[in-house]
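K.L.:
Before we start, here is the structure in question, set down as structure tokens.
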Amino acid sequence: MRTNTSLTVYNRVIIDRETRYQRTVIKKVFFQEKQASNRLVSGFQEADKVITLIPMKHQATRQYKPFKEFNNLKDKENYVTLQKEDIIVKGDIDYEIKGDSLKEIEKLYPVFRITSVDTYDFGSKHMQHIKVGAK
């Protein structure tokens, strides 16, 4: 699989009734941004999309867990997951989101929300990957 960048994932976690975003950097992923629009009866609708392919044997600052396993963990500090509504940013971003506010990071970087996560764990080890869709 060809890779072209790193990816920063911000997992939304609730700790002591407080929403926090946990930052994880995943190295050597494929990231493709597509700009498009859909024509509707009521006008045009943005349909910008991002497709990210993450090799199963990826390098990350935290260990990956599928979202159901991740959500059942009591201590999520050392783990990362990919689930709907989490935030992704292209590149190795050294920015921590404080509290529940996303406004500052949205001013600094193109931010995308995950809309789909598909696991492709068949075929050779070099082809196995996680496909993440976002917009």
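The values are calculated or read from the model by the stated rules, or taken from the named source; none is laboratory data. Everything quoted here is computed from the prediction, not taken from an experiment. These area figures cover heavy atoms from the full protein model, side chains too; ligands, DNA and RNA do not enter into them. Shrake-Rupley method; radii C 1.70, N 1.55, O 1.52, S 1.80 Å.
K.L.:
Being at pLDDT 90 or above, among the acidic types (Asp, Glu), open to solvent by 90 Å² or more (accessible area, probe 1.4 Å) and farther than 13 Å from Ala134 by Cα: is that true of Asp100 here?
P.N.:
no
This table checks each residue for (1) among the acidic types (Asp, Glu); (2) open to solvent by less than 80 Å² (accessible area, probe 1.4 Å); (3) modelled with pLDDT of 90 or more.
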site	(1), (2), (3)
Leu7	no, yes, yes
Tyr10	no, yes, yes
Arg17	no, no, no
Phe31	no, yes, yes
Ser42	no, no, no
Asp48	yes, yes, no
Pro55	no, yes, yes
Gln63	no, no, yes
Val80	no, yes, yes
